[in-house]
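S.K.: Before I ask anything, let me first share the structure, which is written out below as structure tokens.
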Amino acid sequence: MVATMTDRVLRTAPVRCGGVNYAFDSPLSKGTAAIRFMSKYPLWQIWKECRLNSHPAVSSAGTQYHLHQTIVRPHPAHQHYFGNTHMKGTRPVQAALSKDTDLSKTEETRAVIESMVDGLNDHRISDIGEFFSEAFRWMGNTGCGTKNGLREFQDNWQKPFQAAFSDKVCIDEARLYMGEWAAAFGRQEAIHSGSFMGIEATGKKVEIRYMDFWQVKDGKITDNWVMVDFPHVMAQLGVDVFNGEGWEAYDRGDRQPPRPF
């Protein structure tokens with residue numbers, strides 16, 4: 001983003017916006033130059049804050065001219081807030097599990113995952129081993145647990161899940177395949193027909209959001225990393241597991257999010 005510069009010079013004291021100080025320096029020469037927006041607050045909000053506090057940057061003469069043609073930068077005391085510092089220590093290795101995947105296996109992986117999801121939608125339990133290895137690991141988020149082996153997956157996930165939710169339909173909204181790896185996110189639509197997290201059956205239709213990462217070897221799923229949004233399900237059933245402290249309050253504007261200092 002560029003702005004036309006003139007030879008006018010403006011130097012002001014810092015202005016505070018959202019608990020952070022900003023310094024304003026006007027351009028020092030004619031021509032054009034990039035305006036640096038390092039702030040997490042938009043320029044108009046800093047402008048509003050200046051006006052409310054009768055800041056020198058918004059004096060009566062050339063007010064809008066000054067602010068819109070100044071370089072906006074954080075005050076040195078708050079420079080760290082804007083991510084100008086780098087992480088400490090050695091950067092961790094990324095994607096170690098999938099970096100050496102065999103890309104020639106992509107279509108085989110696709111076929112296994114597509115058939116498995118069809119099997120789940122047919123509510124298969126006893127013969128679901130067609131798609132999963134005996135040593136299959138299902139690794140879920142807190143509240144869902146970790147299932148080691150096909151039998152635990154059947155007994156400690158599939159059966160309790162289908163006892164709590166009937167008429168369930170799994171809908172992957174997006175899928176990705178790369179070699180022996182696959183990923184998806186989506187939703188299950190179901191009826192709350194049994195006890196779930198201490199909540200007795202309500203008969204309500206609920207949406208159960210999820211994300212899955214699978215690893216497939218020799219035609220069967222060996223590992224499944226899972227996130228299932230149980231708090232969202234419970235909210236649909238009238239229970240707030242966050243007791244009003246969920247960060248959605250920031251999104252609604254009910255509370256001001258804290259800032260790191």
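Values in this text are rule-based calculations from the coordinates and carry no lab data. None of the values given here were measured: they were computed from a predicted structure. Glycine gets a Cβ as well: all are built from the backbone with ideal geometry, and neighbour counts include every protein chain shown.
Yes/no matrix, rows are residues, columns are (1) in contact with a strand residue (DSSP E or B) (Cβ under 9 Å, 6 or more places away or on another chain); (2) crowded, with 19+ Cβ neighbours inside 10 Å; (3) of a type in the set (Gly, Ala, Ser):
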| site | (1), (2), (3) |
| --- | --- |
| Thr109 | yes, yes, no |
| Trp138 | yes, yes, no |
| Thr142 | no, no, no |
| Tyr177 | yes, yes, no |
| Gly203 | yes, no, yes |
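S.K.: Right, another one. Give segment 205-261 a look and list any residue that's surrounded by 15 or more Cβ atoms within 10 Å (Cβ to Cβ) and small (Gly, Ala, Ser), or say none.
M.R.: Selection gives Ala235 alone.
S.K.: Could you please give the count of residues in segment 150-186 that are without any contact (Cβ under 8 Å) to a residue 40 or more places away in the chain and under 21 Å from the mean Cα position of the chain (by Cα)?
M.R.: Going through segment 150-186 one residue at a time, the tally reaches 7.
S.K.: Looking at (1) closer than 22 Å to His192 by Cβ; (2) under 29 Å from the mean Cα position of the chain (by Cα); (3) not in a loop (DSSP other than H, G, I, E, B), which is the only condition Glu114 fails?
M.R.: It fails just one condition, (1).
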